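Novice: Quick one: this structure, given as structure tokens, is what I'll be asking you about.
The values are calculated or read from the model by the stated rules, or taken from the named source; none is laboratory data. Note that this is a predicted model, so its numbers are computed, not measured. Using ideal geometry, Cβ is built from the backbone for each residue, glycine included, and neighbour counts are taken over all protein chains shown.
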Amino acid sequence: MHETKTLKEIQVSNPYLSLDSEFYERVKPTPLVKPHLIHANKTVAKQLGIDEKELESDTFVKLLNGEFHFKGAEPFAMSYAGHQFGYFVPQLGDGRAINIGSINKLGLQLKGAGQTKYSRNGDGRAVLRSSIREYLMSEAMINLGIPSTLCLGIIGSEHGIYREKTETGAIVCRVSDSWVRFGTFEYFAAHGLYPELKALADHVIEENFPHLKGKADPYNLLFNEVLAKTARLMAQWMSVGFNHGVMNTDNMSITGVTIDYGPFAFLDDFHYQNICNHTDTKGRYAYINQPAVGKWNLQALMSAFSYLTPIEGLRQCLNFYDLGYVRYTHYYMTKKLGLERTTKNDPQLIEEMFNMLNTLQVDYTVFLRTLSHFEYKDNREELLKLGLYHEPMNSWLDKYDERIKDINATERKEQMLSNNPKYVLKNYMLQEAIDAAEKGDFSVVDDLFKIAQTPFDEHEAFERWAKPTPKAFKNQKLSCSS
């Protein structure tokens, strides 16, 4: 771990600015009116080598508000394109996010820091509710073991912003190993900027995949690594019941991390066709469609990469996506079910569990956590009461009983409890934090942050959040400004 420094001592680099000016716009953040700290992430600060005491300083608030700049900072917004709901948009870009430099190969970005040339008539701002959701959710995903962008801190303000109504503005300082998206490659391919496209690929290899330097056909290898990371990410999302909601190609990270938290949701009831984005009227980004959309997005990326390396080789890579996704899914689900030494019937057992949960509309997180305490030939009452009917759960439990009869019960339980969280941040919980925050009370943000950091722990004080979502708050769809 690097020695910690004060904010004024830290020197940042800006490797992206070594690329041509077509890649970005140099632009300074526009500060919010009367900013105040809502929360700071000590874990991320430590990763960045920031002295923990600095998180309580006025300088930290000014950093997040774009008023204080690190040594060497040259703020900029990035250009990219993207397929949005299947339709190509040739010019997008950071419309409300401004990069403020990299520390230890991690890029810091202020989301909600004002207009850029990519804002497309937008105000470049983020409201309090969406900022709280992203801040808490990125921490939750990381501690569930799922690759994600991070957040260093969040500030609120008295800055009025109009969405459906007047709200207050906020800024989240996001952190990632890369802010390059599938859509970044699409931008240069679509505009015929092939030298720039190659420069982008070389930059990504240099910054994030240095082991590919000097290899034969590094662009084919890069695509293959992005494909594997994406297949793994889709399997991880599905294994925890996470619905991203806006899987446009500009919301897909080239390093395979979860990026751009908008109208996301953890499933309240398990439902294949769950849609969390009310803009998604046709269900393109429904929960069950995520693996297929991941592949569709990779096909779009493949088209851009075809200007760097023969498309035949890229197609061969793409053919491995489905197998990779299935293998990753099997890996994560066998851990969640406490299975060992995979048998030929395990894939069917897993599929039948999903079908059973979909039929009964059972809370996915609660079911698996309850199952973690289940023992061979155990009383099924706690599990059965999760659904309105006892069938088909009873039938599935008969098969599960048969499967686990020879597995060490203590080891199985230990494995399951470390792979099935007791808590996930459902939207009704986040809304409770938002409602309190809008009244100036950030205690619920603090509580949910604790849960986000340790989702597998018991947290007896928060037991009410470990129960199925109250009926009145289930399956609420959200907007892209959420």
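Novice: So which of Lys335, Lys377 ends up being at positive phi and either modelled with pLDDT under 95 or touching a helix residue (DSSP H, G or I) at 6+ places or on another chain (Cβ under 9 Å) (or both)?
Specialist: On the way: Lys335 fails: at positive phi.
Testing whether each residue is at positive phi and either modelled with pLDDT under 95 or touching a helix residue (DSSP H, G or I) at 6+ places or on another chain (Cβ under 9 Å) (or both) leaves just Lys377.
Novice: Looking for whichever is without any contact (Cβ under 8 Å) to a residue 40 or more places away in the chain and either crowded, with 16+ Cβ neighbours inside 10 Å or under 30 Å from Leu193 (Cβ atoms) (or both) here; the options are Arg125, Arg129, Arg96. Which one fits?
Specialist: Values: Arg125 fails: without any contact (Cβ under 8 Å) to a residue 40 or more places away in the chain; Arg129 fails: without any contact (Cβ under 8 Å) to a residue 40 or more places away in the chain.
Matching residue, one of Arg125, Arg129, Arg96: Arg96.
Novice: Within the stretch 21-33, track down each residue that is in contact (Cβ under 8 Å) with a residue 12 or more places away in the chain and either in a helix (DSSP H, G or I) or over 19 Å from Ala201 (Cα atoms) (or both).
Specialist: Within the stretch 21-33, the first condition is being in contact (Cβ under 8 Å) with a residue 12 or more places away in the chain, and the residues that meet it are 22-33.
If the condition is that a residue be in contact (Cβ under 8 Å) with a residue 12 or more places away in the chain and either in a helix (DSSP H, G or I) or over 19 Å from Ala201 (Cα atoms) (or both), then Glu22, Phe23, Glu25, Arg26, Val27, Lys28, Pro29, Thr30, Pro31, Leu32, Val33 are the ones that fit.
Novice: If I ask for residues that are under 24 Å from the mean Cα position of the chain (by Cα) and without any contact (Cβ under 8 Å) to a residue 40 or more places away in the chain, which ones from the stretch 297-315 would you list?
Specialist: Gln299
Novice: Quick check on Ala436: is it closer than 20 Å to Cys151 by Cβ and either of a type in the set (S, T, N, Q) or crowded, with 21+ Cβ neighbours inside 10 Å (or both)?
Specialist: The answer is no for Ala436.
Novice: Same structure, new question: Determine, yes or no, whether Lys117 is basic (Lys, Arg), in a loop (DSSP other than H, G, I, E, B) and surrounded by fewer than 22 Cβ atoms within 10 Å (Cβ to Cβ). Break it down into steps so the answer makes sense when it comes.
Specialist: Numbers: basic (Lys, Arg): yes; in a loop (DSSP other than H, G, I, E, B): yes; surrounded by fewer than 22 Cβ atoms within 10 Å (Cβ to Cβ): yes.
For Lys117, the condition - basic (Lys, Arg), in a loop (DSSP other than H, G, I, E, B) and surrounded by fewer than 22 Cβ atoms within 10 Å (Cβ to Cβ) - is met.
Novice: Which of the following residues is over 18 Å from Val27 (Cβ atoms), modelled with pLDDT of 95 or more and basic (Lys, Arg): Arg174, Arg129, Arg125? Full working, then the answer.
Specialist: On the way: Arg174 fails: over 18 Å from Val27 (Cβ atoms); Arg125 fails: over 18 Å from Val27 (Cβ atoms).
None of the other options fit; the residue is Arg129.
Novice: Additional query: Taking the condition under 15 Å from the mean Cα position of the chain (by Cα) and charged (D, E, K, R), does Arg163 pass? Reasoning before the result, please.
Specialist: Numbers: under 15 Å from the mean Cα position of the chain (by Cα): no; charged (D, E, K, R): yes.
For Arg163, the condition - under 15 Å from the mean Cα position of the chain (by Cα) and charged (D, E, K, R) - is not met.
Novice: Only one residue in Ala292, Ala265 is at pLDDT 95 or above and surrounded by fewer than 22 Cβ atoms within 10 Å (Cβ to Cβ). Which one?
Specialist: Numbers: Ala265 fails: surrounded by fewer than 22 Cβ atoms within 10 Å (Cβ to Cβ).
Sole residue among the options that is at pLDDT 95 or above and surrounded by fewer than 22 Cβ atoms within 10 Å (Cβ to Cβ): Ala292.
Novice: Here is a check on your reading of the model: is Asn143 at pLDDT below 95 and either over 15 Å from Asn251 (Cβ atoms) or buried (at least 22 other Cβ atoms within 10 Å of the Cβ) (or both)? Steps first, please.
Specialist: Details: at pLDDT below 95: no; either over 15 Å from Asn251 (Cβ atoms) or buried (at least 22 other Cβ atoms within 10 Å of the Cβ) (or both): yes.
Answer is no for this residue.
Novice: Restricting to the stretch 258-296, give me the number of residues that are in a helix (DSSP H, G or I) and either free of Cβ contacts under 8 Å to residues at least 12 places away in the same chain or hydrophobic (A, V, I, L, M, F, W, C) (or both).
Specialist: The first filter runs over the stretch 258-296 and keeps only residues in a helix (DSSP H, G or I), leaving 287-296.
The next check asks that each one be either free of Cβ contacts under 8 Å to residues at least 12 places away in the same chain or hydrophobic (A, V, I, L, M, F, W, C) (or both); those that pass are 288-289, 292-293, 296.
Number satisfying all stated conditions: 5.
Novice: Right, next: Which residues, counting only those in the stretch 362-411, are more than 20 Å from Asp346 (Cα to Cα), surrounded by 14 or more Cβ atoms within 10 Å (Cβ to Cβ) and hydrophobic (A, V, I, L, M, F, W, C)?
Specialist: Once the filter is applied, which keeps residues that are more than 20 Å from Asp346 (Cα to Cα), surrounded by 14 or more Cβ atoms within 10 Å (Cβ to Cβ) and hydrophobic (A, V, I, L, M, F, W, C), the stretch 362-411 yields Val362, Val366, Leu383, Leu384, Leu386.
Novice: Further, regarding this structure: Has the stretch 9-20 got any residue that is touching a helix residue (DSSP H, G or I) at 6+ places or on another chain (Cβ under 9 Å), of a type in the set (Val, Ile, Thr), crowded, with 18+ Cβ neighbours inside 10 Å and assigned to a loop (DSSP other than H, G, I, E, B)?
Specialist: yes
Novice: On to the next question. Residue check: is Phe68 at pLDDT 95 or above, out of contact with any Gly (no Cβ under 8 Å at 6 or more places or on another chain) and hydrophobic (A, V, I, L, M, F, W, C)?
Specialist: Numbers: at pLDDT 95 or above: yes; out of contact with any Gly (no Cβ under 8 Å at 6 or more places or on another chain): yes; hydrophobic (A, V, I, L, M, F, W, C): yes.
So Phe68 fits the description; yes.
Novice: Test of understanding: among Asp94, Asp123, which residue is under 19 Å from the mean Cα position of the chain (by Cα) and outside any strand (DSSP E or B)? Even if it seems obvious, please write down each step before you answer.
Specialist: Numbers: Asp123 fails: under 19 Å from the mean Cα position of the chain (by Cα).
Only one candidate qualifies: Asp94.
Novice: On to the next question. Enumerate the pairs (first residue in the stretch 329-345 and in contact (Cβ under 8 Å) with a residue 40 or more places away in the chain; second residue anywhere and crowded, with 19+ Cβ neighbours inside 10 Å and in a loop (DSSP other than H, G, I, E, B)) with beta-carbon separation below 6 Å, excluding pairs fewer than 6 apart on the same chain, so at least 6 apart or on different chains.
Specialist: If the second residue must be crowded, with 19+ Cβ neighbours inside 10 Å and in a loop (DSSP other than H, G, I, E, B), the pairs left are Lys335/Asn419; Lys336/Asn419; Lys336/Asn420.
Novice: Here are Ser253, Ser303: which of them is surrounded by fewer than 23 Cβ atoms within 10 Å (Cβ to Cβ), small (Gly, Ala, Ser) and under 25 Å from Glu207 (Cα atoms)?
Specialist: Values: Ser253 fails: surrounded by fewer than 23 Cβ atoms within 10 Å (Cβ to Cβ).
Going through Ser253, Ser303 in turn, the sole match is Ser303.
Novice: Taking the options Glu158, Glu186, name whichever one is modelled with pLDDT of 95 or more, closer than 20 Å to Asp94 by Cβ and among the acidic types (Asp, Glu). Write out each step before concluding.
Specialist: Working: Glu158 fails: closer than 20 Å to Asp94 by Cβ.
Testing whether each residue is modelled with pLDDT of 95 or more, closer than 20 Å to Asp94 by Cβ and among the acidic types (Asp, Glu) leaves just Glu186.
Novice: Run Phe88 past the list (1) among the aromatic types (Phe, Trp, Tyr); (2) surrounded by fewer than 24 Cβ atoms within 10 Å (Cβ to Cβ); (3) not in a strand (DSSP E or B) and report the number of the one that doesn't hold.
Specialist: (3)
Novice: May I ask you to list the residues in the stretch 126-153 that are part of a helix (DSSP H, G or I), within 11 Å of Arg174 (Cα to Cα) and among the small types (Gly, Ala, Ser)?
Specialist: Within the stretch 126-153, Ser131, Ser138 meet the criteria.
Novice: Right, something else. Go through the stretch 324-443 and tell me which helices (runs of 4 or more DSSP H), entirely inside it, have 1 or more residues that are touching a Phe, Trp or Tyr at 6+ places or on another chain (Cβ under 6 Å).
Specialist: On the way: elements: 346-360, 364-372, 381-384, 393-404, 409-417, 427-437.
Of the helices (runs of 4 or more DSSP H) lying wholly inside the stretch 324-443, those with at least 1 residues that are touching a Phe, Trp or Tyr at 6+ places or on another chain (Cβ under 6 Å) span 346-360, 364-372, 393-404, 427-437.
Novice: Does Phe60 satisfy being part of a helix (DSSP H, G or I), outside the structural domain of Gly283 (by TED's automatic domain parsing), modelled with pLDDT of 95 or more and in contact with a helix residue (DSSP H, G or I) (Cβ under 7 Å, 6 or more places away or on another chain)? Working first, answer last.
Specialist: Working: part of a helix (DSSP H, G or I): yes; outside the structural domain of Gly283 (by TED's automatic domain parsing): yes; modelled with pLDDT of 95 or more: yes; in contact with a helix residue (DSSP H, G or I) (Cβ under 7 Å, 6 or more places away or on another chain): yes.
When the stated conditions are applied, Phe60 passes them.
Novice: Specify the residue that is nearest to the chain's Cα centre (by Cα); the eligible residues are those in the stretch 330-359 that are surrounded by fewer than 20 Cβ atoms within 10 Å (Cβ to Cβ) and of a type in the set (A, V, I, L, M).
Specialist: Only one residue fits best here, namely Ile350.
Novice: Of the conditions (1) assigned to a strand (DSSP E or B); (2) of a type in the set (S, T, N, Q); (3) not assigned by TED's automatic domain parsing to the domain that holds Leu63, Thr168 satisfies every one except a single condition; which number is it?
Specialist: (3)
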